[in-house]
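Undergrad: Once you've had a glance at the structure underneath, I'll fire off some questions.
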Amino acid sequence: MNISRVPFTEKKKRIITKEQKEQRHEYMRTYKRRPEIKEKYRQYRITHKEWYNIYQTKYLLQLRMNVLYHYGGNPPKCACCGVDHIEFLCIDHINGGGNKHRKEINLFGGHNFYRWLIKNNYPSGFQVLCFNCNSSKAHYGYCPHDL
């Protein structure tokens, strides 16, 4: 007997209202605060540490790459000197004031800042710079490549 299955792309998506989504988030926040649930998640992370670390590494790299590709083009490169090594690139506030801005939104950079950029639909006022150009701009107010 041949049973044809509906492909994943053709399945109906369940429509969730904004209120239902908020209720679900509130439930999960209270659910995860319970001590026995916290312990359950902690034990899971301990027993599946290798898988969990690989998953987190891939997720955070993908998050960073999405932001770099949006602000730095394809492939992402430094707006000042043109360095295209992914390991050296970072996000810069074009008009300065990055530390003040991060304090206002209560973030300290890294993947939390990348999440904030994505959640706020990639706001303008940011660019991709290599670490050297970004540091020089922050400490001296200019980049040596601009001279």
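The values are calculated or read from the model by the stated rules, or taken from the named source; none is laboratory data. None of the values given here were measured: they were computed from a predicted structure. Cβ placement follows ideal geometry from the backbone for every residue including glycine, while neighbour counts extend to all protein chains displayed. The protein model used for the area step is the full one, side chains on, heavy atoms only, and it has no ligands, DNA or RNA in it. Shrake-Rupley method; radii C 1.70, N 1.55, O 1.52, S 1.80 Å.
Undergrad: Among the residues of segment 118-147, which ones are over 14 Å from Y71 (Cα atoms), open to solvent by 40 Å² or more (accessible area, probe 1.4 Å) and not polar (S, T, N, Q)?
TA: Of everything in segment 118-147, those that are over 14 Å from Y71 (Cα atoms), open to solvent by 40 Å² or more (accessible area, probe 1.4 Å) and not polar (S, T, N, Q) turn out to be K119, F131, K137, A138, H139, Y140, G141, Y142, P144, H145, D146, L147.
Undergrad: Give the residues of segment 13-26 that are in a helix (DSSP H, G or I), surrounded by 10 or more Cβ atoms within 10 Å (Cβ to Cβ) and more than 24 Å from the chain's Cα centre (by Cα), sorted by residue number.
TA: Across segment 13-26, the qualifying residues are Q20, Q23.
Per-residue answers, yes or no, for (1) in contact with a Lys or Arg (Cβ under 8 Å, 6 or more places away or on another chain); (2) among the polar types (S, T, N, Q):
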position	(1), (2)
N53	no, yes
R64	no, no
P76	no, no
A79	no, no
D84	yes, no
L89	yes, no
G96	yes, no
N99	no, yes
R102	no, no
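Undergrad: Got at least one residue in segment 73-96 being at pLDDT 90 or above, assigned to a helix (DSSP H, G or I) and open to solvent by less than 100 Å² (accessible area, probe 1.4 Å)?
TA: Within segment 73-96, one or more residues are at pLDDT 90 or above, assigned to a helix (DSSP H, G or I) and open to solvent by less than 100 Å² (accessible area, probe 1.4 Å).
Undergrad: OK, next. Working carefully through the options R115, R102, find the one that is in contact (Cβ under 8 Å) with a residue 24 or more places away in the chain, of a type in the set (K, R) and either open to solvent by less than 80 Å² (accessible area, probe 1.4 Å) or closer than 23 Å to T57 by Cβ (or both).
TA: R115
Undergrad: From the list Y69, Y55, Y59, which residue is surrounded by 11 or more Cβ atoms within 10 Å (Cβ to Cβ), of a type in the set (S, T, Y), modelled with pLDDT under 90 and out of contact with any Phe, Trp or Tyr (no Cβ under 8 Å at 6 or more places or on another chain)? So that I can check it myself, show each step before the final result.
TA: Numbers: Y69 fails: modelled with pLDDT under 90; Y59 fails: modelled with pLDDT under 90.
After ruling out the rest, the residue left standing is Y55.
Undergrad: Taking the condition part of a helix (DSSP H, G or I) and touching a strand residue (DSSP E or B) at 6+ places or on another chain (Cβ under 6 Å), does N134 pass? It would help to see each step written out before you state the result.
TA: Working: part of a helix (DSSP H, G or I): yes; touching a strand residue (DSSP E or B) at 6+ places or on another chain (Cβ under 6 Å): yes.
Here the answer is yes, as N134 does meet what is asked.
Undergrad: Against the definition (touching a helix residue (DSSP H, G or I) at 6+ places or on another chain (Cβ under 7 Å), part of a helix (DSSP H, G or I) and of a type in the set (V, I, T)), how does I46 come out, yes or no? Reasoning before the result, please.
TA: Details: touching a helix residue (DSSP H, G or I) at 6+ places or on another chain (Cβ under 7 Å): no; part of a helix (DSSP H, G or I): yes; of a type in the set (V, I, T): yes.
For I46, the condition - touching a helix residue (DSSP H, G or I) at 6+ places or on another chain (Cβ under 7 Å), part of a helix (DSSP H, G or I) and of a type in the set (V, I, T) - is not met.
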